[in-house]
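What follows is a set of notes on a single structure, which appears directly below.
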Amino acid sequence: MHPVIFRIGNVEFFSYGLMLGLGYVAGVLVASWMARKRGIDPDSLFWFFILLLGAGVVGGRIAYVALYPWYYQDGLLSALNIRDGGLSMHGVLAGGIAAVAAYAKTKRIPLSRLMDVIAPGVIIGQSIGRIGCYLNGCCYGTPTAGTWGCMTRYAPLLRHPYQLYESGADFLIFLGLIWLSSRIKKEGALFLAYLGSYSFARFFLEFFRDNESYLFGLSYGQIASAALVVLSLVLAFIGRRPARGAEKPETVAQELPERDRDGQVV
């Protein structure tokens, strides 16, 4: 656990923020590569990536503060301080999706295409960002007696390195999306694959995370993840159905009249 990863003079560089920054850069590079594959000039997306970063951080922070308001009773400044962590991934997704929808509408780019462009970049950013959680000590796991357990500054006993579990799962999902990106032709399907696979993995990994139960013994993360799995499956099913009126009309066989040698109808 290294919340401050290095210092230059009196300036401290926090591991959480540094890994978030590296994750963002990696995500932008992957998204730029995906944009070229989807026929979008990546240079035209500069302000889009800035907007996506801001909306994601704001959405993630608002959701986290709403879930744990008792951590931020010292005032607005404590709620704005994210150096020690405190972003809800589902809030990040909500803020990011809102930004993508607004940008797509403004620039008249198909929303489903833009969502496919960012999907692999988002998951690789999450993978790197979770390493920042591990170094910072936040998002820690449940107690374990295993030799792989790690300490955190926020709770006693050895804990499951949940952050690394999710980081590894996210990286595998990233590889899967890269593989699918050349094989899935329907726009929007790649993003739904990301949403469903990440939410599915997150639901089960949350059993190793130290979280408060909200409903039926499930954490907020599990409830949100289960809802997103269902949503992604429903949207995928709807997307596979042919549009009304798109069915090929049935052709009625008609007998052609017989003709004589001169071409006249007999």
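Could you list, in sequence order, all residues of the stretch 101-134 that are under 17 Å from the mean Cα position of the chain (by Cα) and of a type in the set (V, I, T)?
Passing the criteria: V117, I118, V122, I123, I124, I128, I131.
Just checking, which of L29, L18 is hydrophobic (A, V, I, L, M, F, W, C) and either within 25 Å of G141 (Cβ to Cβ) or without any contact (Cβ under 8 Å) to a residue 12 or more places away in the chain (or both)? Step through it out loud before you land on a result.
Working: L29 fails: either within 25 Å of G141 (Cβ to Cβ) or without any contact (Cβ under 8 Å) to a residue 12 or more places away in the chain (or both).
Result of the check over L29, L18: L18.
Residues in the stretch 106-120: is at least one assigned to a loop (DSSP other than H, G, I, E, B) and more than 22 Å from L53 (Cα to Cα)?
Going residue by residue through the stretch 106-120, those that are assigned to a loop (DSSP other than H, G, I, E, B) are 108-110.
From the residues that got through so far, the ones that are more than 22 Å from L53 (Cα to Cα) too are none.
So far as the stretch 106-120 goes, no, none of its residues is assigned to a loop (DSSP other than H, G, I, E, B) and more than 22 Å from L53 (Cα to Cα).
What number of residues within the stretch 16-38 satisfy the criterion of being modelled with pLDDT of 90 or more and either more than 29 Å from L111 (Cα to Cα) or not aliphatic (A, V, I, L, M) (or both)? Don't jump to the end; show me each part of the working.
First pass over the stretch 16-38, keeping only residues modelled with pLDDT of 90 or more: 18-38.
Next cut, either more than 29 Å from L111 (Cα to Cα) or not aliphatic (A, V, I, L, M) (or both) only: 18, 21, 23-24, 27, 32-33, 36-38.
The qualifying residues number 10.
Is it true that A98 is over 17 Å from L29 (Cα atoms), among the aliphatic types (A, V, I, L, M), assigned to a helix (DSSP H, G or I) and modelled with pLDDT of 95 or more? Don't jump to the end; show me each part of the working.
Numbers: over 17 Å from L29 (Cα atoms): yes; among the aliphatic types (A, V, I, L, M): yes; assigned to a helix (DSSP H, G or I): yes; modelled with pLDDT of 95 or more: yes.
Yes.
Would you please list the contacts, defined by Cβ atoms under 7 Å and residues six or more apart or on different chains, that run from a residue in the stretch 175-196 that is surrounded by 17 or more Cβ atoms within 10 Å (Cβ to Cβ) to a residue that is among the aliphatic types (A, V, I, L, M) and assigned to a loop (DSSP other than H, G, I, E, B)?
Close Cβ pairs satisfying both conditions: L190/I184.
If a residue must be of a type outside the set (V, I, T) and crowded, with 18+ Cβ neighbours inside 10 Å, how many such residues does the stretch 19-37 contain?
Taking the stretch 19-37 first, the residues of a type outside the set (V, I, T) are 19-24, 26-27, 29, 31-37.
Narrowing the set further to residues that are crowded, with 18+ Cβ neighbours inside 10 Å leaves 19-20, 23-24, 27, 31-32, 34-35.
Summing the residues that are of a type outside the set (V, I, T) and crowded, with 18+ Cβ neighbours inside 10 Å in the stretch 19-37 gives 9.
Look at the stretch 38-58 and say how many of its residues are surrounded by fewer than 15 Cβ atoms within 10 Å (Cβ to Cβ) and in a helix (DSSP H, G or I). Give the steps one after another, and end with the answer.
Keep residues of the stretch 38-58 that are surrounded by fewer than 15 Cβ atoms within 10 Å (Cβ to Cβ), which gives 39, 41, 43-44, 46-47, 50, 54.
With in a helix (DSSP H, G or I) added as a condition, the list becomes 43-44, 46-47, 50, 54.
Total satisfying the criteria: 6.
Return yes or no: is Y71 of a type in the set (F, W, Y), in a helix (DSSP H, G or I) and under 22 Å from I131 (Cα atoms)?
Judged against the criteria, Y71 is not a match.
Could you please find all residues in the stretch 126-148 being of a type outside the set (V, I, T) and over 13 Å from D210 (Cα atoms)? If you could, list the steps in order and put the result at the bottom.
Filtering the stretch 126-148 down to residues of a type outside the set (V, I, T) leaves 126-127, 129-130, 132-141, 143, 145-146, 148.
Selection gives Q126, S127, G129, R130, G132, C133, Y134, L135, N136, A145, G146, W148.
Which of the residues that make up the stretch 131-158 are crowded, with 24+ Cβ neighbours inside 10 Å and among the charged types (D, E, K, R)?
Matches in the stretch 131-158: none.
For the stretch 82-121, which residues satisfy the criterion of being among the β-branched types (V, I, T) and either crowded, with 16+ Cβ neighbours inside 10 Å or touching a Cys at 6+ places or on another chain (Cβ under 7 Å) (or both)?
Here is the first cut: in the stretch 82-121, the ones among the β-branched types (V, I, T) are 82, 92, 97, 100, 106, 109, 117-118.
Listed by number, the residues that qualify are I82, V92, I97, V100, I109, V117, I118.
Consider the stretch 182-208. How many of its residues are at pLDDT below 95 and either within 17 Å of S127 (Cβ to Cβ) or among the basic types (K, R) (or both)?
Total satisfying the criteria: 3.
Filtering the stretch 54-83 down to residues that are of a type in the set (D, E, K, R) and closer than 20 Å to Q126 by Cα, which residue is modelled with the highest pLDDT?
So in the stretch 54-83, the residues of a type in the set (D, E, K, R) come out as 61, 74, 83.
With closer than 20 Å to Q126 by Cα added as a condition, the list becomes 61, 83.
Values: R61: 87, R83: 64.
Checked the stretch 54-83; the qualifying residue modelled with the highest pLDDT is R61.
If you go through the stretch 8-23 one residue at a time, do you hit one that is in a loop (DSSP other than H, G, I, E, B) and within 23 Å of the chain's Cα centre (by Cα)? Spell out the reasoning first.
First, pick out the residues of the stretch 8-23 that are in a loop (DSSP other than H, G, I, E, B): 9-10.
Now drop any that are not within 23 Å of the chain's Cα centre (by Cα), which leaves none.
No, there is no match, as no residue in the stretch 8-23 is in a loop (DSSP other than H, G, I, E, B) and within 23 Å of the chain's Cα centre (by Cα).
The values are calculated or read from the model by the stated rules, or taken from the named source; none is laboratory data. This structure is a prediction, so every number in the text was calculated from the model and none was measured. A quick note on method: Cβ atoms are made from the backbone with ideal geometry, for glycine too, and the neighbour counts reach across all protein chains shown.
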